[in-house]
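Each remark here refers to the structure printed beneath this line.
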Amino acid sequence: MAKKFSKKAPVASTPRVDLPAKSAKPKGSAKTKDRVLITGAAGFLGSHLCDRFLKEGYHVIGMDNLITGSLKNIEHLFHREDFEFYHHDVSKFVHVPGELKYILHFASPASPIDYEKIPIQTLKVGSLGTHNLLGLARVKKARILVASTSEVYGDPKVHPQNESYWGHVNPVGKRSMYDEAKRFQEAITMAYHHYHGLETRMVRIFNTYGPRMRLNDGRVVPAFMGQALRGEDLTIFGKGDQTRSFCYVDDLIEGIYRLLLSNYAGPVNVGNPKEITIKQFAEEILKLTGTKQKLIYKPLPSDDPMQRQPDITLAKKLLKWEPKVDRAEGMRRTYAYFKGLTKKELNEKEHFSFEKYARK
Ligand SMILES: NC(=O)c1ccc[n+]([C@@H]2O[C@H](COP(=O)([O-])OP(=O)(O)OC[C@H]3O[C@@H](n4cnc5c(N)ncnc54)[C@H](O)[C@@H]3O)[C@@H](O)[C@H]2O)c1
């Protein structure tokens, strides 16, 4: 859908996208809704968060620079009175008019092929972007939740990882732009909490999958699904004996929602502890898609963790949360989404906006 960008932005440097004309106000909309800002709104997780907060009755303000996300993920919201969207890079000064009750900072490249291609932007959004949003939270007296990651544990020496483990990260390794940006993000968020008394929440997200992942983002679920749908062999890096644990997106969003409403400022793991080897997982995908391709093996990239498994004891106790959707069901729903993509989308090798942003 072609998008027109407002020339007269409501706030300098934060162009709000002119969404299509809204339908008449629904009955009962007179009450002012609490407003929530979601950064990374056009991405995989951000778009699901927008859906969830709208469902809970909030007015949602999405913000994204579309570097790895797509307006397609949120175009179903454009007709709504209670949704607005700002096309903006949060590593630059961020302002939105009006009150804010919550800020959820989810803007950041999240897959290794993305952040290795745009390392500086990745470091900036985790550091400068987080700083900008913490500042905004202070001004608005809003509670802020930041999206951290299991990558803060690096290539862990402890299994499963619980929140008190400090991690094993190579500060100059291939993934350092992401891992260290997120570690800085956690540190500055804690500093704002302790020094300014800001209400902060921090979620350490483990591998999550579901509809609206980008097929070409290099993460294992869309990579295998794309290969299966294109009739290609499935590529395994290394011997395939490395393990991963995958959380279905609806479970993750529920965990994040509960964490935001909790009174706990420390980091909390949210993910699915059920482990599977990559080889077993590839075999499950072949079975699910009913395809006859082979598994092919390529060398393991450096700094690729051998094992990742969340210890979710804290989330269970604090949030009364644990994953509900089993892998078979989650994969069926995800496959249904990918099957609905057009042939052009299935064959898109590169995300359209990298060229545009790479040198900024
Ligand atoms: N999906 C996972 O399994 C996972 C795991 C751990 C952590 N996370 C974290 O969750 C968040 C969302 O991840 P995702 O999987 O939805 O990734 P995604 O790439 O689909 O979404 C990220 C969104 O942020 C936007 N963005 C990036 N830099 C920006 C900037 N400077 N200004 C404004 N927008 C910007 C992108 O355009 C994109 O829409 C990230 O912070 C990521 O680190 C995700």
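Which angle between 0 and 90 degrees, to the nearest 10, do you get for helix 220-230 versus the longest principal axis of the chain when only C-alpha atoms count?
70 degrees
What percent of all Cα-Cα pairs in segment 251-290 falls into each 5 Å bin, going from 0 up to the bin containing the maximum distance?
Once binned at 5 Å, the Cα pair distances of segment 251-290 give 5, 18, 18, 13, 13, 12, 10, 8, 3, 0.
Out of 342, 291, 313, any idea which swings most in a Gaussian network model of the chain, alpha carbons joined below 10 Å?
342
Quick check: the angle from helix 44-55's long axis to the longest principal axis of the chain, C-alpha only, nearest 10 degrees?
Approximately 50 degrees, to the nearest 10.
If the elastic network links every pair of Cα atoms under 10 Å, which of 306, 177, 213 fluctuates the most in the Gaussian network model of the chain?
Of the options given, 306 has the highest mean-square fluctuation.
Which whole-number percent of Cα pairs in the chain have a distance greater than 34 Å? Don't skip to the end; give the middle numbers.
Values: 14930 of 64620 pairs.
Result for the distance tail: 23 percent.
Using Cα pairs under 8 angstrom and six or more residues apart, how large is the relative contact order of the chain, in percent?
Details: 687 pairs, mean separation 57.2, N = 360.
Once divided by the residue count of the chain, the mean separation gives 16 percent.
What does the highest-first list of 79-89, 145-155, 165-175 look like by mean Cβ count within 10 Å? If you can, show how the numbers build up before the last one.
Working: 79-89: 19.6, 145-155: 23.6, 165-175: 14.4.
Ranked from most to least packed, the peptides come out as 145-155, 79-89, 165-175.
Is segment 210-291 best put as rounded, prolate or oblate by its Cα gyration tensor, with a ≥ b ≥ c the root eigenvalues, rounded for a/c under 1.5, and otherwise prolate when a/b is larger than b/c, oblate when not? Intermediate results must be reported in sequence, preceding the final value.
On the way: a/c = 2.83, a/b = 2.02, b/c = 1.40.
Note, shape of segment 210-291 comes out prolate.
Would you mind checking segment 237-274 for residues with the amide N under 14 Å from a putative spin-label position 7 Å along Cα→C-beta of residue 297?
237-242
Hey, what did segment 219-335 get for relative contact order, percent, Cα under 8 Å, at least 6 apart?
Across segment 219-335, relative contact order equals 41 percent.
Compute the acute angle (0 to 90°) between the alpha-carbon long axis of helix 327-339 and the principal axis of greatest extent of the alpha-carbon atoms of the chain; round to the nearest 10°.
Once rounded, one gets 70 degrees.
Once a ≥ b ≥ c are taken as the square roots of the eigenvalues of the Cα gyration tensor of segment 112-153, is the result rounded (a/c under 1.5), prolate (a/b larger than b/c) or oblate (a/b not larger than b/c)?
Details: a/c = 3.84, a/b = 1.88, b/c = 2.04.
Since a/c reaches 1.5 but b/c is at least a/b, the shape of segment 112-153 is classed as oblate.
Output the pairs from 72/92; 294/349; 292/324; 239/279 with a Cα-Cα distance over 19 Å in this structure; if there are none, say none. Could the numbers behind the result be given before it?
Details: 72/92 24 Å; 294/349 21 Å; 292/324 31 Å; 239/279 8 Å.
With Cα atoms farther than 19 Å apart: 72/92; 294/349; 292/324.
Considering the chain as a Gaussian network with a 10 Å cut-off on Cα pairs, which listed residue, 56, 163, 345, attains the greatest mean-square fluctuation?
So, out of 56, 163, 345, the one fluctuating most is 56.
Using only helices, what value at 222 nm comes out for the chain when you add -39,500 (n - 2.57) per DSSP H run of length 4 or more and divide by the total residues, to the nearest 500 deg cm²/dmol? Present the calculation step by step, with values, prior to reporting the outcome.
Working: 12 runs with 121 residues, N = 360.
Using -39500 (n - 2.57) per qualifying helix, the result is -10000 deg cm²/dmol.
Taking the Cα centre of the chain as origin, sum charge times position over the Cβ atoms of Lys and Arg (+1) and Asp and Glu (-1), and report the length of that vector in debye to the nearest 20.
Values: 58 positive and 40 negative charges, 194 e Å.
Taking the Cα centre of the chain as origin, the dipole is about 940 debye.
Values in this text are rule-based calculations from the coordinates and carry no lab data. Model, not experiment: these values are computed from the prediction. Note that each Cβ is placed from the backbone with ideal geometry, even for glycine, and that neighbours are counted across all protein chains shown.
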